[in-house]
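Trainee: Please see the structure below; I have some questions.
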Amino acid sequence: MLTASLGGYIGALLKRLKSKKTYVSIAILLPFFLGPIENKIGRPQQTYRAYNYIDINASPETIWNLVTRVSHISKEEDSGWLNSFLGFPRPVEAELDKTAVGGYRKAIFTNGLVFHETVTAYEHQKKMTFSIQANPYEIPSTTLDEHVVVGGKFFNVKDGTYELEQLSDNTYRLHLYSHFTLKTTFNFYASVWAKWIMQDIQQNILRIEKQRAESKTS
């Protein structure tokens with residue numbers, strides 16, 4: 001990114017210079033000198049948080065049942081516009097074997113993407129936190145680009161948390177947030193896109209849970 005921007009500036013500058021051959025030669029060789037500098041910067045690992053919430057008019061029992069276990073999601077229910085535009089896998093379903101610490105939750109996406117989740121904190125109808133693990137070797141090479149493979153060299157999702165907050169007699173706010181790590185030479189830029197993508201996934205799930213909960217209530 002740095003050398004590309006610098007190259008564009010130098011290219012514009014060369015148009016105003018007379019000794020074009022000399023300066024063009026310098027411009028051609030410049031990436032060979034600057035490339036090693038970028039490699040020496042290294043890839044620091046940083047952790048980021050993606051947060052969403054939605055208000056639902058339904059009982060806590062109805063909402064919580066939809067949070068812990070998400071039945072099959074049809075294409076018609078899926079409204080995640082950013083991930084759809086980018087061609088990323090969409091959520092299909094999530095299975096939980098028990099509502100308690102140590103419970104195993106399997107979140108399934110299209111194209112073979114699977115999140116293996118373990119419940120690490122649980123308060124019935126109030127809060128559920130789970131660690132997230134994606135095994136890169138399980139993900140087909142055609143599913144995601146190398147730079148966004150979950151659990152790969154550059155990007156990983158660490159955990160997720162649902163919290164249910166009562167706003168009134170029959171209105172509840174469902175919070176969903178997650179933590180993810182990036183390890184690139186341009187975290188400041190990649191984090192913006194990664195957060196948008198994570199928030200799009202989370203908001204999509206929340207909208208589905210709201211729609212299903214309120215349809216059961218009405």
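Trainee: Condition check: at pLDDT below 95, open to solvent by 20 Å² or more (accessible area, probe 1.4 Å) and part of a strand (DSSP E or B). Does His116 satisfy that? So that I can check it myself, show each step before the final result.
Mentor: Values: at pLDDT below 95: yes; open to solvent by 20 Å² or more (accessible area, probe 1.4 Å): yes; part of a strand (DSSP E or B): yes.
It is true that His116 is at pLDDT below 95, open to solvent by 20 Å² or more (accessible area, probe 1.4 Å) and part of a strand (DSSP E or B).
Trainee: Mind counting the residues in segment 166-193 that are outside any strand (DSSP E or B) and open to solvent by 30 Å² or more (accessible area, probe 1.4 Å)? Step through it out loud before you land on a result.
Mentor: Start the filter on segment 166-193 by keeping residues that are outside any strand (DSSP E or B), which leaves 167-170, 184-193.
If we keep only those that are open to solvent by 30 Å² or more (accessible area, probe 1.4 Å) as well, we get 167-170, 185-186, 188-189, 192-193.
Going through segment 166-193 one residue at a time, the tally reaches 10.
Trainee: For segment 48-85, give me each residue that is closer than 15 Å to Ile197 by Cα and open to solvent by 70 Å² or more (accessible area, probe 1.4 Å).
Mentor: Kept after step one, since they are closer than 15 Å to Ile197 by Cα, are these residues of segment 48-85: 48-52, 78-85.
Scanning segment 48-85 gives Arg49, Tyr51, Trp81, Ser84, Phe85.
Trainee: Select, from Leu113, Leu86, the only residue that is of a type in the set (A, V, I, L, M, F, W, C), touching a residue at least 60 places away in the same chain (Cβ under 8 Å) and farther than 22 Å from Arg173 by Cα. Explain how you work it out, then say what you get.
Mentor: Numbers: Leu113 fails: touching a residue at least 60 places away in the same chain (Cβ under 8 Å).
Testing whether each residue is of a type in the set (A, V, I, L, M, F, W, C), touching a residue at least 60 places away in the same chain (Cβ under 8 Å) and farther than 22 Å from Arg173 by Cα leaves just Leu86.
Trainee: Next question, about the same structure. For segment 1-100, which helices (runs of 4 or more DSSP H) that fit wholly inside it have 3 or more residues that are of a type in the set (Gly, Ala, Ser), within 29 Å of the chain's Cα centre (by Cα) and at pLDDT 80 or above?
Mentor: none
The values are calculated or read from the model by the stated rules, or taken from the named source; none is laboratory data. If you're wondering where the values come from, they're calculated on a predicted model, not measured in any experiment. In this analysis, Cβ positions are derived from the backbone assuming ideal geometry, glycine residues included, and neighbour counts consider all displayed protein chains. Accessible surface is based on the protein model in full, side chains and every heavy atom, while ligands, DNA and RNA are left aside. Shrake-Rupley method; radii C 1.70, N 1.55, O 1.52, S 1.80 Å.
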